[in-house]
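Scroll down for the structure; my scribbles are underneath it.
The values are calculated or read from the model by the stated rules, or taken from the named source; none is laboratory data. What you see is a predicted model, and the numbers here were worked out from it, not measured in a lab. Please note: Cβ atoms are built from the backbone with ideal geometry, for glycine as well, and neighbour counts cover all protein chains shown.
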Amino acid sequence: MLICDHFVFLNNPKTGSTFVRSVIKGIYLKRAFSSPLYKCACQFGLLSPPYLELIHPNIKLPGNPPDQHGTYCQIPSKYSARKVISVVRNPYDKFLSIYEYRRWYDHPPINREVLRRHFPSFPKISLDEFVEMNKLIAKARVGSDNMYNIGNQTAQFIQMFFRRPKEIFGKLDERYLSSQDYVNDLGEIHFLRQESLAEDLVALLATEGFTSDEFNFIKNHRKVNKTRQRYVDRTSLWTEKALEYVEENESFLFRILKNKGIDYQRPTFL
């Protein structure tokens, strides 16, 4: 979580949020270090950087250490009036990216022994097995049997951006999932889109008094934390089971995003 003068930025995993954090911090530091006196004071520890980066307890998955992915409900009250910004990504792309990035390979999000019981060859698992792994992670997030089968990304989205996620998990049912009741439960957030991230960020910061030179800094900034592509054609990884899982189990997430004007469709292949 990054606290800036006029806004709070929430770092949504595997969406390009690390890029946004990096460029925003870079802009603020460039501003600050343009003053030799400020630069010297920072070097001697007399002043702090012109932003605040908070590390919060991980409330998203039990047993995981604190991380930089603070949630809407963890924003300190004294900053609650500031605009909240984050990034969303096509759930189909995100699903494949997480599988290919393989942080779960060395840092399983849930108990490794549980995963080995379900997948004897873990951490070597197929995409279809990764679907089953996502179901287990979603159950860990929801804290129940997840009887309405919300997807892992949907559960994570609720944790990241709803005002009282624990309460939401307690009242999830078919009526809630098909209604508009969630609108008041979702935090007030301005979402950037991963597929047009630099352009969306420039458009947003233009409303916050940033300069054309700072926009060029964004446009020319290198990619950050980009997944190394292990396959020549990532789309060749898809299986019907995996596509159906994202389409069906993440349907609530798709509906929330569509209501925000962000419409993602199931990929089609020739």
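Data for the structure
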item	result
First in the range 49-60 and surrounded by 13 or more Cβ atoms within 10 Å (Cβ to Cβ) and among the charged types (D, E, K, R), second anywhere and outside any loop (DSSP other than H, G, I, E, B) and modelled with pLDDT of 90 or more, Cβ under 6 Å, 6 or more apart	GLU53/LEU2; LYS60/GLN159
Matching option when the condition is surrounded by 20 or more Cβ atoms within 10 Å (Cβ to Cβ), modelled with pLDDT under 95 and over 19 Å from the mean Cα position of the chain (by Cα), among ASN146, ASN111	ASN146
Qualifying helices (runs of 4 or more DSSP H) (wholly inside the range 169-249; at least 2 residues being at pLDDT 90 or above and surrounded by 10 or more Cβ atoms within 10 Å (Cβ to Cβ))	174-178, 182-185, 197-206, 240-249
Lone unmet requirement of (1) at pLDDT below 90; (2) surrounded by 12 or more Cβ atoms within 10 Å (Cβ to Cβ); (3) over 20 Å from MET1 (Cα atoms) for TYR92	(1)
Criterion violated by GLN159 - all others in (1) buried (at least 17 other Cβ atoms within 10 Å of the Cβ); (2) in contact (Cβ under 8 Å) with a residue 40 or more places away in the chain; (3) more than 21 Å from ASN259 (Cβ to Cβ) satisfied	(3)
Residue count for the range 57-87, restricted to those that are part of a strand (DSSP E or B) and over 13 Å from ILE3 (Cα atoms)	2
Qualifying residue in the range 107-122 (condition: closer than 30 Å to ARG234 by Cβ, of a type in the set (Phe, Trp, Tyr) and outside any helix (DSSP H, G or I))	yes
Unique match (being in contact (Cβ under 8 Å) with a residue 24 or more places away in the chain and within 22 Å of ASN12 (Cα to Cα)) among LEU172, LEU197	LEU197
